[in-house]
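The values are calculated or read from the model by the stated rules, or taken from the named source; none is laboratory data. Given the structure is predicted, the values throughout are model-derived calculations rather than measurements. Neighbour counts run over all protein chains shown; Cβ positions are idealised from the backbone, glycine included. Just so you know, the surface numbers come from the protein's heavy atoms only, side chains and all, with ligands and any DNA or RNA stripped out. Shrake-Rupley method; radii C 1.70, N 1.55, O 1.52, S 1.80 Å.
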Amino acid sequence: MKLVFATFMLVFLVLGSSVFETTMAGSHFCDSKCGVRCSKAGYKERCLKYCGICCDKCNCVPSGTYGNKDECPCYRDLKNSKGDPKCP
């Protein structure tokens, strides 16, 4: 019984870590669009993180480094828990 449990846990950890890596990798589309969007940001890592989250949900990133959110209504309308815009 212990061997079965240990095998199950090992398989779960291996599969779980590969899924985690895949979700954290991001898509090339989002990485490139967010790289442009956040190129002038003061807090670039935070900008890239939230831009990536929004891009994954909306499959869209507005052009330029600021504004133009009307190009992507989903991106524009995502809000954080405080009701403020989530996407940079």
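Here's the yes/no breakdown for (1) within 14 Å of the chain's Cα centre (by Cα); (2) of a type in the set (S, T, N, Q); (3) at pLDDT 95 or above; (4) open to solvent by 70 Å² or more (accessible area, probe 1.4 Å):
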residue	(1), (2), (3), (4)
L10	no, no, no, yes
L15	no, no, no, yes
E21	yes, no, no, yes
A25	yes, no, no, no
C38	yes, no, yes, no
G42	no, no, yes, yes
L48	yes, no, yes, no
C55	yes, no, yes, no
N59	yes, yes, yes, yes
Fill in: Members of segment 34-81 that are among the basic types (K, R) and either touching a strand residue (DSSP E or B) at 6+ places or on another chain (Cβ under 6 Å) or assigned to a helix (DSSP H, G or I) (or both)
R37, K44, R46, K49, K57, K69, R76
